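Below is one structure, written out as structure tokens; comments come after it.
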Amino acid sequence: MKNVIPVMIAIFLSACENNPEYQTATNSEPPVVIVRPQVIRADVETFTSPREVYLPDSDEVVHPTSFTGVNKVNSESNYKLILVRHAEKTTEGFDPGLTRIGHLRAEFFASWPENMEMKAIWSSDYKRTRDTAAPLAQKLGIEISYYDPRNQQELVKKLKNAEVNAFVVGHSNTIPELASLLCTCEIESMNDQQYDRAFQIVQVDGMTGMSEIDLEKLWVDRPETTH
């Protein structure tokens, strides 16, 4: 039976790649690809309505309908990581801060009910990333841990060894790379104008899942101004 499962998964993945419905996600039934044993890849247009994820060789079913989904699987080694780019920055100086809407985005991160379960907050040591992480850190009473964005491998080791829920703030040219290193899967690069892409990495019973989050759809009460 064990020899048959990889073949069945390979056939399933091949069929998905040639299926136009897989290539274009929908709000009603976004596609899920299961890769065994390392990665569960959920390519969803909106994070709020993904399909069930069935774990191979297990009767367990994970319903990733919220950031708290990983906690429904009873294991001390299960955890989730939320990776975000810093909020909107100004154009002033070498180490710019946040714009008005950037500060509002930082407050939005701190108001996420799901973020209340974070046990650690990581940020690169720049004003724009520190200011993005600060409201959530203050609300949770957590001290921000700083990392070198030029050494992503070291951060990956620390996140995996800690095995706790963590919120990570980085940059447009570092967050996709970090997500890729954590899920061992390909992540599309992010340009300097993109602030609404974020990633959730979930560790469930030795397997790693990655979901891309569309912040534009989650931040429903954002102001109209972009400054």
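The values are calculated or read from the model by the stated rules, or taken from the named source; none is laboratory data. As the structure is a computational prediction, the values presented were derived from the model and not from experiment. Cβ placement follows ideal geometry from the backbone for every residue including glycine, while neighbour counts extend to all protein chains displayed.
Residues being surrounded by fewer than 19 Cβ atoms within 10 Å (Cβ to Cβ) and outside any loop (DSSP other than H, G, I, E, B) are entirely absent from the stretch 190-208.
For the stretch 156-178, a residue qualifies if it is closer than 23 Å to E88 by Cβ and either among the polar types (S, T, N, Q) or in a loop (DSSP other than H, G, I, E, B) (or both), and the qualifying residues are H171, S172, N173, T174. Of everything listed in (1) of a type in the set (D, E, K, R); (2) without any contact (Cβ under 8 Å) to a residue 24 or more places away in the chain; (3) touching a strand residue (DSSP E or B) at 6+ places or on another chain (Cβ under 9 Å), the single unmet condition for R128 is (2). Could we say that I121 is part of a loop (DSSP other than H, G, I, E, B), surrounded by 15 or more Cβ atoms within 10 Å (Cβ to Cβ) and in contact with a helix residue (DSSP H, G or I) (Cβ under 7 Å, 6 or more places away or on another chain) here? When the stated conditions are applied, I121 does not pass them. Taking the conditions exactly as written (in contact (Cβ under 8 Å) with a residue 24 or more places away in the chain and not charged (D, E, K, R)), does V220 satisfy them or not? Judged against the criteria, V220 is not a match.
Buried (at least 19 other Cβ atoms within 10 Å of the Cβ), over 18 Å from V204 (Cα atoms) and hydroxyl-bearing (S, T, Y), is that true of S172?
In short, no.
Is the stretch 73-83 home to any residue that is small (G, A, S), out of contact with any Leu (no Cβ under 6 Å at 6 or more places or on another chain), at pLDDT below 95 and under 22 Å from R222 (Cβ atoms)? Taking every residue of the stretch 73-83 in turn, none turns out to be small (G, A, S), out of contact with any Leu (no Cβ under 6 Å at 6 or more places or on another chain), at pLDDT below 95 and under 22 Å from R222 (Cβ atoms).
Across the stretch 124-155, the number of residues qualifying as in a helix (DSSP H, G or I) and either surrounded by 14 or more Cβ atoms within 10 Å (Cβ to Cβ) or out of contact with any Leu (no Cβ under 9 Å at 6 or more places or on another chain) (or both) comes to 17.
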